[in-house]
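S.K.: Right, I'll just put the structure down here and ask away after.
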Amino acid sequence: MAEASDALSIGVGGVSVEGYYQFLNDHGAISEYARGTRSGRPGRIVRLNANMSKLPTEFAQAARAIGMSPTTTTIHDDYLMFIKLNYKMDVSPTNRDALAQAELELRKRQARAIELFRQYVPGCERAFIARTSPSVCIRRADQANSGRRGRLIACDYDLTRSDVLEGRHFEDDVMAYGFHDSARRLLSAWSAPRLQIKDGGTYGIPYRALLPAGLENLLVAGMMITAPTRSEVDGAPTTTPTCPRETPSRAWGRGRRRARLRRSVRRGAAERATSHTRPCVRHW
């Protein structure tokens, strides 16, 4: 029986980023810490993560009970871009009713997460949900609990590990990306930040990588792209800091034209090969 790990994230407003840092730091729990430009000012805290086992027992137990991750990123004052709530289903996410129940449970967990911030984190007494995901995200769906993300789709092009680490771009790029979470099977732990993109650069996401193989008039994106059996960059296109290389309309228009040309050339070659092939007749 397939299992699934589902998630819903929230953006949290009315918080103190420095207060959250202080809460984590006072307990020696910080595991990730980064500074960058926030609300137009450089040198500000933009990312935090924590070792949950070092936080107060009551907070840690309540957070684990709702599947809350302490990881967050922000580029705005008084705002946490995401706090993720997780829920493990014991049936396949293709079960409509079970998935609806999972979403209801996750919505309740979001409200409980806000209560935890208000209760325990200084400067977050007026925290509120500023945004929420419109639907459940199916993070994993497998039988072996291998850590691979679920619902991966074979596309016209699947990004490879070398594409990412070499910082490759393509003629039909629609996005530039500077982060990756390579598959657990490549290393004993997530390979980012152990493996870095060449020269601290970016890699491209070609329009072809959004086109399901063999289907027309359909696009996929985010953590759905790249097939699990062929891709070496599981999780690469799942996080938020992605941006078009040009204006969105120009990038997508150019990428679509070039990807369509590739498809038409490939289809024409296949049709020509078929038309010149004699039928195979076997005599027994």
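S.K.: I need the full set of residues from region 31-44 which are buried (at least 17 other Cβ atoms within 10 Å of the Cβ) and among the β-branched types (Val, Ile, Thr), in order please.
M.R.: Scanning region 31-44 gives no hits.
S.K.: Now, a different point. How do the strands (runs of 3 or more DSSP E) wholly within region 1-119 filter down when requiring 1 or more residues that are touching a Lys or Arg at 6+ places or on another chain (Cβ under 6 Å) and over 19 Å from residue 133 (Cα atoms): which remain?
M.R.: 30-38, 41-50
S.K.: Check 133, 39 and return the single one that is modelled with pLDDT under 90 and small (Gly, Ala, Ser).
M.R.: Within the list 133, 39, the selection yields 133.
S.K.: So, in region 1-19, of the ones that are of a type in the set (D, E, K, R) and surrounded by fewer than 19 Cβ atoms within 10 Å (Cβ to Cβ), which residue ends up modelled with the highest pLDDT?
M.R.: Here is the first cut: in region 1-19, the residues of a type in the set (D, E, K, R) are 3, 6, 18.
Of the ones still in play, those that are also surrounded by fewer than 19 Cβ atoms within 10 Å (Cβ to Cβ) are 3, 18.
Details: 3: 59, 18: 97.
Only one residue fits best here, namely 18.
S.K.: Against the condition among the basic types (Lys, Arg) and at pLDDT 85 or above, how does residue 168 come out, does it pass?
M.R.: Here the answer is yes, as residue 168 does meet what is asked.
The values are calculated or read from the model by the stated rules, or taken from the named source; none is laboratory data. Not measured: the values here are computed from a predicted model. Using ideal geometry, Cβ is built from the backbone for each residue, glycine included, and neighbour counts are taken over all protein chains shown.
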